[in-house]
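Structure first, then comments.
The values are calculated or read from the model by the stated rules, or taken from the named source; none is laboratory data. This structure is a prediction, so every number in the text was calculated from the model and none was measured. Positions of Cβ are generated from backbone atoms using ideal geometry, with glycine treated the same way; all protein chains shown enter the neighbour counts.
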Amino acid sequence: MNIFITGGTGFIGSELTKNLIAHGHHVTALTRSDASAAVATANGAIPVMGDITSLDLISQQATQADAIIHLAFDLRFPKPGTPFEDTPSGQDQAFIKTVGDALSGTPKPFVITSALGQLPADPMPTEKTAAVLDDPAFARSDRSASERLALDYAAKGVTTCIVRPAPTVHGETAHGFAAELEHLAVENKSAAYIAGKHWASVHVADIADLYRLAVEKGLPGHVYHGIGEQSLAIKDIAALIGQENQLPVKESSVADAPATFGWLSPFVSRDIWGSSSLTQQELDWTPQGIGLLQAIKNGHPES
């Protein structure tokens, strides 16, 4: 298939591009700069200059492609007073509507990306858990509304499915939230955690495989969880970070989290976990990459 992707030059997107090409697909990647275009080209994709707000371009690319995978999302929290259409949530929904309209009446697969962190955490969410924002900390970058919009298009006959990746995605060494937690520990001279909180994790090669399987055989209206390890205690992650960096480990609290963890505070103050059992069964997906704790250890070969 000729597959149009957004976010194709990031950590996950680069791995996904290589995975798709290795399995016989052709990739066109949306790129925002000459530097990202160079990355896309190096990964084997054809770059197209623009961003997710370039809606005329997006509609054109969706019409020309055989399938679309949407990874891009602005993870920065918008400033108070930002018009909705300029918030990450507003831009994401406009993108989904543009592509959904362009694909109406066609069988073309459309895979969107959501997030585990905005699901109710108790009980542990599954693929059947509805996307209902239950934490006001995420209100201006809400992805649950994007899920509901995508499901509306699936109900109208668009072949739309949803991938919810684990909150921390790693490679052979730590990356993403786990790497940021380690950066904060070094900066603060102690590895902090909040007791009783957990993260799910997944290896980048496994999540790339999942996106490919979703675009190849995902079912309309279905949700898939990109989770390799479903419940890692943040306390254990912090303990290993402390050990590998020879730092003390200390317990923090939800009340003290903003001062201790900064922008990461909402992500360590609650469980962001889940099951991927249904995903593994339906798509015949088996996570095989190393776990997060081993990735952290690999980042310290001298220890």
Limited to the range 1-24, what total is found for residues that are surrounded by 24 or more Cβ atoms within 10 Å (Cβ to Cβ) and assigned to a loop (DSSP other than H, G, I, E, B)? 2
Give me a count of the residues in the range 25-76 that are assigned to a strand (DSSP E or B) and farther than 13 Å from Asn2 by Cβ. 5
Looking only at the range 108-126, filter to residues that are surrounded by fewer than 18 Cβ atoms within 10 Å (Cβ to Cβ) and touching an Asp or Glu at 6+ places or on another chain (Cβ under 9 Å); which one of those is modelled with the highest pLDDT? Met124
Quick one: which residue in Ile3, Ile58 is under 22 Å from Thr87 (Cβ atoms) and hydrophobic (A, V, I, L, M, F, W, C)? Ile58
Check whether at least one residue in the range 173-192 is at negative phi, part of a strand (DSSP E or B) and at pLDDT 95 or above, and report yes or no. yes
Going through Ala191, Ala257, Ala239, Ala154 one at a time, which residue ends up being in contact (Cβ under 8 Å) with a residue 24 or more places away in the chain, hydrophobic (A, V, I, L, M, F, W, C) and buried (at least 24 other Cβ atoms within 10 Å of the Cβ)? Ala191
Go over the candidates Val99, Val163 one by one and state the one that is assigned by TED's automatic domain parsing to the domain that holds Ala72, assigned to a strand (DSSP E or B) and over 16 Å from Leu232 (Cα atoms). Val163
The condition of being surrounded by 16 or more Cβ atoms within 10 Å (Cβ to Cβ) and in contact (Cβ under 8 Å) with a residue 40 or more places away in the chain holds, among Trp285, Trp263, only for Trp285
In the list Ala166, Ala233, Ala200, Ala185, which residue meets the criterion of being aliphatic (A, V, I, L, M), touching a strand residue (DSSP E or B) at 6+ places or on another chain (Cβ under 6 Å) and over 27 Å from Ser144 (Cα atoms)? Ala185
Counting only residues that are closer than 21 Å to Ala179 by Cα, give me the strands (runs of 3 or more DSSP E) lying completely in the range 204-303 with at least 3 of them. 229-233, 249-252
